[in-house]
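A short reminder: the numbers here are calculations on the coordinates, not readings from a lab. Owing to the predicted nature of the structure, the values given are computational and were not obtained by experimental measurement. Note that each Cβ is placed from the backbone with ideal geometry, even for glycine, and that neighbours are counted across all protein chains shown.
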Amino acid sequence: MNELCRILGIQVPILQGGMGNISNAALTAAVSEEGALGTIGAGTMTPEEVEKIILETKERTENPFALNIALAVSPFSKELMQLAVKHGLKAVSLSAGNPAPFIPYFKENGVKVITVTAAVKHAVKAAEGGSDIIVGEGYEAAGLNSPLETTTLALIPQLADAVNVPVAAAGGIADGRGLAAMLALGAQGVQMGTRFIATKEAPFSELYKERLLLSDDTGTAVIGRSVGRIRRVLKNNAYTAQLLQQEKAGLSLDEFTNRTDEKHHILGAVEGNEQEGYWNSGQIAGLIHHIPTVAELIHSIKLEMTETIGRLEPYMKKEVQP
Ligand SMILES: Cc1cc2nc3c(=O)[nH]c(=O)nc-3n(C[C@H](O)[C@H](O)[C@H](O)COP(=O)(O)O)c2cc1C
């Protein structure tokens with residue numbers, strides 16, 4: 001139990017990253033039931049749609065869970081914030097925008113604020129503004145990324161040094177070794193997205209999960225760089241291959257935005273239509289070889305984290321120097 005766990009009321013320092021329009025009640029509740037923090041990803045969903053998922057999640061678990069609001073993405077940010085307060089959620093996770101103007105509202109209403117950021121400067125601002133936890137997300141991560149392209153390995157220790165609130169590391173973590181490594185770098189926990197796609201409870205199409213399992217360390221591509229957007233996706237998808245070709249031929253920002261909007265995300269991720277939809281994925285895809293339940297996954301991560309830290313014990317002895 002560290003400070004991050006205490007703030008969020010959880011026992012396991014793992015956050016399931018919000019997955020806009022997709023991470024449903026079954027996945028969120030399964031994660032929270034294991035003592036980690038499940039998160040509903042609002043994406044572009046209406047407040048009515050999100051409220052339904054909140055209520056269903058509450059039926060499945062009494063443990064804390066969070067709502068992710070991607071500020072630049074949701075047309076309903078304000079209404080979603082009110083929903084989080086109305087339902088007494090333990091925490092909100094705010095990404096893709098400046099959280100500072102909204103933090104006082106959550107403070108007044110006892111909701112903890114997790115800010116997702118990819119730069120020290122933004123993290124310091126969020127922490128000074130009252131954010132309770134900072135998630136530092138590196139360039140390895142799935143989905144929309146910062147064009148700054150800073151990696152998790154470089155970002156986390158710099159963030160941990162710069163802010164006086166707990167940091168969780170996101171991007172490139174899928175097992176207990178990753179969790180142990182991030183703790184060593186100064187984080188108090190991790191946020192995972194890609195690893196949770198390949199779980200029994202995740203509401204993704206079987207084709208998406210299969211292709212994730214087939215991926216290796218070179219299995220992801222960044223789309224959108226030509227128009228100043230960075231989205232990391234699986235390469236082994238027909239729509240992505242087509243998009244990369246279209247980018248080479250010259251695609252405007254508007255065209256790119258339309259072709260990667262939530263409709264195409266859902267077509268790929270949920271409906272398994274690889275002719276018209278893409279699959280978000282992080283670089284850690286190559287480490288994922290099976291589809292466990294969330295309970296099995298979290299259990300194995302905890303075990304492996306302890307074993308990993310145990311393996312480092314000889315280095316504590318003065319006579320064994322690396
Ligand atoms: C399918 C999918 C959708 C995502 N959507 C969102 C989102 O709506 N908001 C957000 O802040 N992060 C989103 N992310 C990022 C995750 O919350 C998480 O930070 C990231 O996946 C961590 O890196 P990893 O994929 O290497 O584990 C998404 C990730 C995936 C895999």
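Worth a mention:
- FRET efficiency estimate (nearest 0.05) - Cβ-Cβ, residue 86 to residue 49, R0 25 angstrom: 0.95
- Other residues with beta-carbon under 15 Å from the beta-carbon of residue 151 carry, at +1 per Lys or Arg and -1 per Asp or Glu, a net charge of -3.
- Per-selection Kirkwood Rh - region 174-295 (Cα, Å, 1 d.p.): 15.2
- Sequence of 45, 316, 192 once ranked by neighbouring C-beta atoms within 10 Å, starting from the fewest: 316, 45, 192
- For residue 166, the shell of other residues with beta-carbons less than 11 Å away shows a net charge of 0, using +1 for Lys and Arg and -1 for Asp and Glu.
- The relative contact order of the chain, computed from alpha carbon pairs under 8 Å that lie at least 6 residues apart in sequence, is 16 percent.
- All-pairs alpha carbon distance profile, region 105-228, 5 Å steps from 0, percent: 2, 11, 19, 19, 18, 15, 11, 4, 1, 0
- Relative contact order of region 206-283: 35 percent, from C-alpha pairs under 8 Å at least 6 residues apart in sequence.
- With both labels modelled 7 Å from their Cα along Cα-to-Cβ, the residue 149 to residue 258 distance reads 2.8 nm.
- Amide H contacts of residue 39 (H built 1.01 Å from N, in plane; Pro and chain starts excluded): 16, 66 sit under 5 Å, all sequence-distant by 5 or more or on other chains.
- Estimated translational diffusion coefficient (Stokes-Einstein, Kirkwood radius over Cα pairs, 25 °C, 0.890 mPa s) of the chain: 125 µm² per second.
- Modelled FRET efficiency - R0 45 Å, residue 303 with residue 275, Cβ distances, 0.05 increments: 0.65
- Near residue 186: Cβ cut-off under 13 Å, other residues only, Lys/Arg at +1 and Asp/Glu at -1. The net charge is -2.
- Full extension of the segment from residue 313 to residue 296, taken as 0.36 nm per residue of separation minus the current Cα-Cα distance, would add 3.5 nm.
- In order along region 28-43, the phi-based Karplus estimate (6.51 cos²θ - 1.76 cosθ + 1.60, θ = phi - 60°) of 3J(HN,Hα) comes to 4, 5, 4, 5, 5, 4, 8, x, 9, 10, x, 9, 8, x, 6, x Hz; Gly and Pro are listed as x.
- Net lengthening on full extension, residue 242/residue 3 (0.36 nm per residue, minus Cα-Cα): 81.5 nm
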